[in-house]
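The structure appears below as C-alpha coordinates.
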Amino acid sequence: APSLSYPAIRVGNIRTLQNNQPLYFAYPDSRAQAILIKLGRPALGGVGQNRDIVAFSATCTHMGCGVQYKGGRLVCPCHYSMFDPTKAAQVYQGLASTGLPRIRLRIAQNGDILANAMEGLIWGRTKNV
Ligand code: FES
(Lines give C-alpha, C1' and ligand atoms only; values in the text may rest on other atoms or scores of the structure.)
Protein backbone atom coordinates (compact mmCIF):
# COMPACT_ATOMS: atom_id res chain seq x y z
CA ALA A 1 0.00 0.00 0.00
CA PRO A 2 1.28 3.50 -0.65
CA SER A 3 2.57 5.37 2.36
CA LEU A 4 0.81 8.70 2.83
CA SER A 5 2.36 11.34 5.05
CA TYR A 6 0.34 13.59 7.35
CA PRO A 7 1.39 16.12 9.97
CA ALA A 8 3.13 14.27 12.80
CA ILE A 9 1.33 13.94 16.12
CA ARG A 10 2.64 12.81 19.49
CA VAL A 11 1.03 9.55 20.61
CA GLY A 12 2.95 8.84 23.81
CA ASN A 13 6.44 8.37 25.21
CA ILE A 14 8.52 5.20 25.33
CA ARG A 15 9.24 5.75 29.03
CA THR A 16 5.59 5.41 30.02
CA LEU A 17 4.54 2.67 27.63
CA GLN A 18 3.78 -0.70 29.19
CA ASN A 19 3.91 -3.99 27.34
CA ASN A 20 0.51 -5.03 26.02
CA GLN A 21 -1.33 -1.95 27.26
CA PRO A 22 -2.75 -0.35 24.15
CA LEU A 23 -2.96 3.38 23.64
CA TYR A 24 -5.96 4.50 21.64
CA PHE A 25 -5.60 7.72 19.70
CA ALA A 26 -6.94 9.41 16.59
CA TYR A 27 -4.96 9.62 13.35
CA PRO A 28 -4.75 11.14 10.80
CA ASP A 29 -7.85 13.10 11.84
CA SER A 30 -10.08 13.24 14.90
CA ARG A 31 -12.58 10.71 13.50
CA ALA A 32 -10.01 8.06 12.64
CA GLN A 33 -9.52 5.71 15.56
CA ALA A 34 -6.06 4.25 15.87
CA ILE A 35 -4.23 1.98 18.26
CA LEU A 36 -0.60 1.82 19.39
CA ILE A 37 0.82 -1.21 21.17
CA LYS A 38 4.15 -2.15 22.68
CA LEU A 39 4.02 -5.90 22.07
CA GLY A 40 7.04 -7.01 24.07
CA ARG A 41 8.23 -9.03 21.06
CA PRO A 42 9.65 -7.89 17.73
CA ALA A 43 7.15 -7.02 15.05
CA LEU A 44 7.33 -6.33 11.33
CA GLY A 45 7.95 -2.60 10.98
CA GLY A 46 8.15 -2.15 14.75
CA VAL A 47 10.08 0.79 16.24
CA GLY A 48 11.98 1.16 19.49
CA GLN A 49 14.93 -0.72 20.90
CA ASN A 50 13.12 -4.06 20.66
CA ARG A 51 11.29 -3.25 17.44
CA ASP A 52 8.08 -4.04 19.26
CA ILE A 53 6.09 -0.79 19.04
CA VAL A 54 3.47 -0.71 16.29
CA ALA A 55 0.35 1.26 15.42
CA PHE A 56 -2.60 0.68 13.14
CA SER A 57 -5.95 2.05 12.13
CA ALA A 58 -8.44 0.64 14.65
CA THR A 59 -11.28 0.66 12.14
CA CYS A 60 -12.03 -2.89 11.01
CA THR A 61 -11.61 -3.40 7.26
CA HIS A 62 -14.73 -5.57 7.12
CA MET A 63 -17.50 -3.12 8.08
CA GLY A 64 -15.84 -0.45 10.13
CA CYS A 65 -16.27 -1.51 13.77
CA GLY A 66 -13.66 -0.58 16.34
CA VAL A 67 -10.86 -3.11 16.70
CA GLN A 68 -9.48 -3.90 20.14
CA TYR A 69 -6.25 -5.41 21.39
CA LYS A 70 -6.80 -8.65 23.31
CA GLY A 71 -4.54 -11.56 24.12
CA GLY A 72 -1.80 -10.45 21.76
CA ARG A 73 -4.04 -9.89 18.76
CA LEU A 74 -6.25 -7.26 17.26
CA VAL A 75 -9.85 -8.44 17.40
CA CYS A 76 -13.01 -6.96 15.94
CA PRO A 77 -15.99 -7.50 18.30
CA CYS A 78 -18.57 -7.29 15.49
CA HIS A 79 -17.79 -10.43 13.47
CA TYR A 80 -14.53 -11.54 15.06
CA SER A 81 -12.02 -10.76 12.39
CA MET A 82 -8.54 -11.09 13.84
CA PHE A 83 -5.38 -9.30 12.79
CA ASP A 84 -1.78 -10.13 13.72
CA PRO A 85 0.02 -7.07 15.11
CA THR A 86 3.43 -8.72 14.63
CA LYS A 87 2.76 -9.14 10.90
CA ALA A 88 1.64 -5.66 9.86
CA ALA A 89 -1.91 -6.47 11.04
CA GLN A 90 -2.66 -8.96 8.31
CA VAL A 91 -5.96 -10.80 8.72
CA TYR A 92 -5.69 -14.36 9.93
CA GLN A 93 -9.28 -15.11 10.73
CA GLY A 94 -12.71 -13.75 9.89
CA LEU A 95 -14.52 -11.78 7.24
CA ALA A 96 -12.13 -8.89 6.73
CA SER A 97 -10.29 -9.32 3.44
CA THR A 98 -7.44 -6.89 4.04
CA GLY A 99 -5.23 -6.00 6.96
CA LEU A 100 -5.48 -2.84 9.00
CA PRO A 101 -3.70 0.20 7.58
CA ARG A 102 -0.36 0.58 9.30
CA ILE A 103 0.64 3.85 10.92
CA ARG A 104 4.28 4.75 10.55
CA LEU A 105 6.00 5.79 13.78
CA ARG A 106 9.16 7.65 14.65
CA ILE A 107 10.79 8.03 18.05
CA ALA A 108 12.09 11.50 18.89
CA GLN A 109 15.22 12.22 20.94
CA ASN A 110 13.15 12.73 24.11
CA GLY A 111 11.35 9.39 23.71
CA ASP A 112 8.16 10.80 22.28
CA ILE A 113 6.48 8.48 19.82
CA LEU A 114 5.26 10.34 16.76
CA ALA A 115 2.83 9.10 14.15
CA ASN A 116 3.67 10.59 10.77
CA ALA A 117 2.27 8.48 7.95
CA MET A 118 -0.24 5.82 7.09
CA GLU A 119 0.02 2.89 4.71
CA GLY A 120 -3.31 2.02 3.20
CA LEU A 121 -6.81 3.40 3.13
CA ILE A 122 -9.06 3.61 6.20
CA TRP A 123 -12.24 1.60 5.80
CA GLY A 124 -15.17 3.53 4.36
CA ARG A 125 -13.09 6.39 3.01
CA THR A 126 -12.07 7.30 -0.50
CA LYS A 127 -9.20 9.35 0.95
CA ASN A 128 -7.72 9.17 4.43
CA VAL A 129 -8.08 12.92 4.98
FE1 FES B 1 -15.09 -6.26 11.91
FE2 FES B 1 -17.14 -7.33 10.67
S3 FES B 1 -16.82 -5.25 11.15
S4 FES B 1 -15.39 -8.32 11.47
Some residue of the range 63-71 being of a type in the set (S, T, N, Q), farther than 16 Å from I14 by Cα and surrounded by 18 or more Cβ atoms within 10 Å (Cβ to Cβ): no
Residue check, G40 touching a helix residue (DSSP H, G or I) at 6+ places or on another chain (Cβ under 8 Å), free of Cβ contacts under 8 Å to residues at least 60 places away in the same chain and away from the ligand (no atom under 12 Å from the Cβ): no
Test: residue in the range 109-120 that is out of contact with any strand residue (DSSP E or B) (no Cβ under 8 Å at 6 or more places or on another chain), more than 22 Å from R41 (Cα to Cα) and at pLDDT below 95: no
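Yes or no, residue by residue, for (1) loosely packed, with under 15 Cβ neighbours inside 10 Å; (2) of a type in the set (D, E); (3) within 23 Å of K127 (Cα to Cα):
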{"site": "Y24", "(1), (2), (3)": "yes, no, yes"}
{"site": "P28", "(1), (2), (3)": "no, no, yes"}
{"site": "I53", "(1), (2), (3)": "no, no, no"}
{"site": "C76", "(1), (2), (3)": "no, no, yes"}
{"site": "Q93", "(1), (2), (3)": "yes, no, no"}
{"site": "A96", "(1), (2), (3)": "no, no, yes"}
{"site": "R104", "(1), (2), (3)": "no, no, yes"}
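The values are calculated or read from the model by the stated rules, or taken from the named source; none is laboratory data. Everything numeric here is computed off the predicted structure, so don't read it as measured data. Don't worry about glycine lacking a Cβ; one is built from the backbone with ideal geometry, like all the others, and counts go over all protein chains shown.
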